[in-house]
Amino acid sequence: MIKAVILIGGPMKGTRFRPLSLELPKPLFPVAGFPMVYHHIEACSQVPDLKEILLIGFYQPNEALTRFIANAQSEFSVHIRYLQEFTALGTAGGLYHFRDQILGGNPEYFFVLNSDVCCDFPLQEMLTFHRGRGNGGHFTIMATEATRQQALNYGCIVENKDTHEVLHYVEKPETFISKLINAGIYLFSPAIFKHIKVVFQRNQETTDHEMNSVNRYDLYHPTKEVIRLEQDIFAPLAGTGELYVYFTTRFWSQIKSAGAAIYANRHYLNIYHRTHPDRLSNNGEKKPKIVGDVFIHPTAVVHHSATLGPNVTVGKNVTIGAGVRVRESMILEGSVLEDHCCILYSIIAWNGVVGNWARVEGTPNDPNPNKPFAKLDIPELFSDEGKLSPSITVIGSNVHIPGEVIVLNSVVLPHKELGRSCKNQIML
Ligand code: GDD
Ligand code: GTP
């Protein structure tokens, strides 16, 4: 039997994703029509013999999370539970804290997935690779490639090219180590807990003062139970013959910013061609004009003279009027796009209203297409001159944009009644 754990983080995480994560835990933010972690759960449910998925995080259980889990559980006949950490325990601390739940039923292996990665989850291929390394208590990290410069923002791995054994691991190094990066998806045998236990016990014996200097990233909440999978477990395991790399060349991206959500949306829509062609809209009589990949929720009402796409997602109960143009954007549940408005490279969050002839436009920060394996950069919010860097336009929930107004490269916080046009601004 196999299990899966999805690390969903908590309220202090996902800060670069604001204001979109102000109202809803970031893992529930919809991409290509479904919550971010729905894509993980769907992929896990297709692994034969995978019986249970545990979401571990430090969000207070809330209605949205409970409802999401109940729906997912009935849709994919797999057992799903949320386990709440009392505080942020780090990427391995939560695993250790809930080890009895993870090991219940004696799983042979378990996957661990970061909730903020987007890919087409080659989990079965990874499992085959893992089994191919023998029956021992070993561990596999999924890896992808990045450019020399971008690799510094990820966990970097040096492998033995013949055996794929991890020889060296450094989390977010300061200077170049390797272009092979940790993709945030792992396959562990239960023996991993032996290694986590060693770190746990060592932390218990450490004084508070020493702890503060070890857990540099969490000075405000020093807790002896914080264990970091990357620094505390992978780094020492490198070179011991127990840690392996499964390399994938398939699409992979992190979702840290709003721009990354637009980018992930495009790729998930593209994956639907293979996995769920029924989710993509077609052209037809009395139907809106569809260009490229477009997802329209069945409850949305779209005027036949509107043009949507490429790479557009239209959520539940959205209304789109005559002559509207939407491209490379996501329109979330309950929003209304009035006649002839134009939305380009933007996210309109829940229950927004965009008036007649208004124009909402952002600037994509796509990776350089001429550089193989280039990843999305997260641009600094402000340029050196103190100006907001051009990026995707994000309209927070319940914002009203009056007719004929132009919003360019801006972020508008929730519940705002915009009175005038704005450019490169954060509207508070
Ligand atoms: N439950 C729980 N508790 N989850 C956590 C905690 C915690 O205390 N801290 C982080 N997470 C979750 C986050 O929600 C996210 O899904 C994942 O763990 C990793 O988050 P970060 O700690 O922010 O790391 P990162 O995303 O900057 O880098 C990690 O992922 C990269 C790939 O996307 C590292 O594993 C890198 O090595 C890797 O390259
Ligand atoms: P093309 O004109 O198709 O080559 O696209 P472009 O990349 O030069 O233009 P842009 O990205 O600005 O616009 C994308 C699409 O939105 C195009 O099909 C335009 O016709 C359409 N569009 C641009 N501005 C408006 C507008 O103010 N109103 C409406 N209804 N559509 C617009």
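Residues checked against (1) within 30 Å of residue 43 (Cβ to Cβ); (2) assigned to a loop (DSSP other than H, G, I, E, B); (3) away from ligand 1 (no atom under 16 Å from the Cβ); (4) touching a residue at least 12 places away in the same chain (Cβ under 8 Å):
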{"site": "271", "(1), (2), (3), (4)": "yes, no, yes, yes"}
{"site": "295", "(1), (2), (3), (4)": "yes, no, yes, yes"}
{"site": "310", "(1), (2), (3), (4)": "yes, yes, yes, yes"}
{"site": "322", "(1), (2), (3), (4)": "no, yes, yes, yes"}
{"site": "356", "(1), (2), (3), (4)": "no, yes, yes, yes"}
{"site": "368", "(1), (2), (3), (4)": "yes, yes, yes, no"}
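Which of (1) more than 19 Å from the chain's Cα centre (by Cα); (2) touching a residue at least 12 places away in the same chain (Cβ under 8 Å); (3) outside any strand (DSSP E or B) is the odd one out, the single condition residue 3 does not satisfy?
(3)
Are any residues in region 276-293 surrounded by 17 or more Cβ atoms within 10 Å (Cβ to Cβ) and either under 22 Å from residue 42 (Cα atoms) or of a type in the set (A, V, I, L, M, F, W, C) (or both), and if so, which ones?
If the condition is that a residue be surrounded by 17 or more Cβ atoms within 10 Å (Cβ to Cβ) and either under 22 Å from residue 42 (Cα atoms) or of a type in the set (A, V, I, L, M, F, W, C) (or both), then 279, 280, 281, 290, 293 are the ones that fit.
Table: residues versus (1) among the hydrophobic types (A, V, I, L, M, F, W, C); (2) at pLDDT 95 or above.
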site: 255; (1), (2): yes, no
site: 276; (1), (2): no, yes
site: 299; (1), (2): no, yes
site: 312; (1), (2): yes, yes
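Considering (1) surrounded by fewer than 18 Cβ atoms within 10 Å (Cβ to Cβ); (2) closer than 17 Å to residue 271 by Cβ, say which one residue 121 fails and leave the rest.
So the condition that residue 121 fails would be (1).
Working carefully through the options 289, 316, find the one that is farther than 15 Å from residue 335 by Cα, of a type in the set (Lys, Arg) and without any contact (Cβ under 8 Å) to a residue 60 or more places away in the chain.
Result: 289 is the single residue among 289, 316 that is farther than 15 Å from residue 335 by Cα, of a type in the set (Lys, Arg) and without any contact (Cβ under 8 Å) to a residue 60 or more places away in the chain.
Go through region 297-308 and report how many residues are within 17 Å of residue 32 (Cβ to Cβ) and either within 16 Å of ligand 1 (Cβ to nearest atom) or part of a loop (DSSP other than H, G, I, E, B) (or both).
Counting residues in region 297-308 that are within 17 Å of residue 32 (Cβ to Cβ) and either within 16 Å of ligand 1 (Cβ to nearest atom) or part of a loop (DSSP other than H, G, I, E, B) (or both) gives 4.
Conditions (1) within 11 Å of ligand 1 (Cβ to nearest atom); (2) part of a helix (DSSP H, G or I), marked per residue:
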position: 61; (1), (2): no, no
position: 64; (1), (2): no, yes
position: 74; (1), (2): no, yes
position: 81; (1), (2): no, no
position: 94; (1), (2): yes, yes
position: 100; (1), (2): no, yes
position: 111; (1), (2): no, no
position: 130; (1), (2): no, yes
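Taking the condition out of contact with any Cys (no Cβ under 6 Å at 6 or more places or on another chain), under 30 Å from residue 348 (Cβ atoms) and of a type in the set (D, E, K, R), does residue 63 pass?
Yes: the conditions hold for residue 63.
Check whether at least one residue in region 312-333 is over 28 Å from the mean Cα position of the chain (by Cα) and on the phi > 0 side of the Ramachandran plot, and report yes or no.
yes
Might you let me know whether region 309-325 holds any residue that is within 10 Å of ligand 2 (Cβ to nearest atom), surrounded by fewer than 22 Cβ atoms within 10 Å (Cβ to Cβ) and within 18 Å of residue 411 (Cα to Cα)?
For region 309-325, residues within 10 Å of ligand 2 (Cβ to nearest atom), surrounded by fewer than 22 Cβ atoms within 10 Å (Cβ to Cβ) and within 18 Å of residue 411 (Cα to Cα): absent.
Any residue that is within 13 Å of ligand 1 (Cβ to nearest atom), among the charged types (D, E, K, R) and outside any loop (DSSP other than H, G, I, E, B) - is there at least one of those in region 33-46?
no
Has region 372-384 got at least one residue that is part of a strand (DSSP E or B), more than 16 Å from ligand 1 (Cβ to nearest atom) and under 27 Å from the mean Cα position of the chain (by Cα)?
yes
Could you please let me know if residue 305 is surrounded by 23 or more Cβ atoms within 10 Å (Cβ to Cβ), within 12 Å of ligand 2 (Cβ to nearest atom) and of a type in the set (S, T, N, Q)?
Details: surrounded by 23 or more Cβ atoms within 10 Å (Cβ to Cβ): no; within 12 Å of ligand 2 (Cβ to nearest atom): yes; of a type in the set (S, T, N, Q): yes.
So residue 305 fails the test.
Kindly list the number of the only condition in (1) surrounded by fewer than 23 Cβ atoms within 10 Å (Cβ to Cβ); (2) in the same structural domain as residue 398 (by TED's automatic domain parsing) that fails for residue 271.
(2)
Which residue is nearest to residue 371 (Cα to Cα), if the candidates are limited to region 165-174 and must be more than 12 Å from ligand 1 (Cβ to nearest atom) and in contact with a helix residue (DSSP H, G or I) (Cβ under 8 Å, 6 or more places away or on another chain)?
By that ranking, first place goes to 174.
Within region 411-424, track down each residue that is in a loop (DSSP other than H, G, I, E, B) and farther than 21 Å from residue 334 by Cα. Break it down stepwise before answering.
The initial filter retains those residues of region 411-424 that are in a loop (DSSP other than H, G, I, E, B), namely 413-416, 418-421, 424.
Passing the criteria: 419, 420, 421, 424.
How many residues, within region 118-154, are β-branched (Val, Ile, Thr) and farther than 19 Å from residue 3 by Cα? First the steps, then the outcome.
Filtering region 118-154 down to residues β-branched (Val, Ile, Thr) leaves 128, 140-141, 144, 147.
Still in the list and also farther than 19 Å from residue 3 by Cα: 144, 147.
Adding up the residues that qualify gives 2.
If residue 376 satisfies all but one of (1) within 16 Å of ligand 2 (Cβ to nearest atom); (2) farther than 30 Å from residue 323 by Cβ; (3) hydrophobic (A, V, I, L, M, F, W, C), what's the number of the condition it fails?
Looking at each condition in turn, residue 376 falls short on (1).
If you check 8, 102, which single one turns out to be within 27 Å of residue 233 (Cα to Cα) and either under 15 Å from the mean Cα position of the chain (by Cα) or of a type in the set (Lys, Arg) (or both)?
Being within 27 Å of residue 233 (Cα to Cα) and either under 15 Å from the mean Cα position of the chain (by Cα) or of a type in the set (Lys, Arg) (or both) holds for just one of 8, 102, which is 8.
The values are calculated or read from the model by the stated rules, or taken from the named source; none is laboratory data. This is a predicted model, so every value here is computed, not measured. Cβ atoms come from the backbone with ideal geometry, glycine included; neighbour counts cover every protein chain shown.
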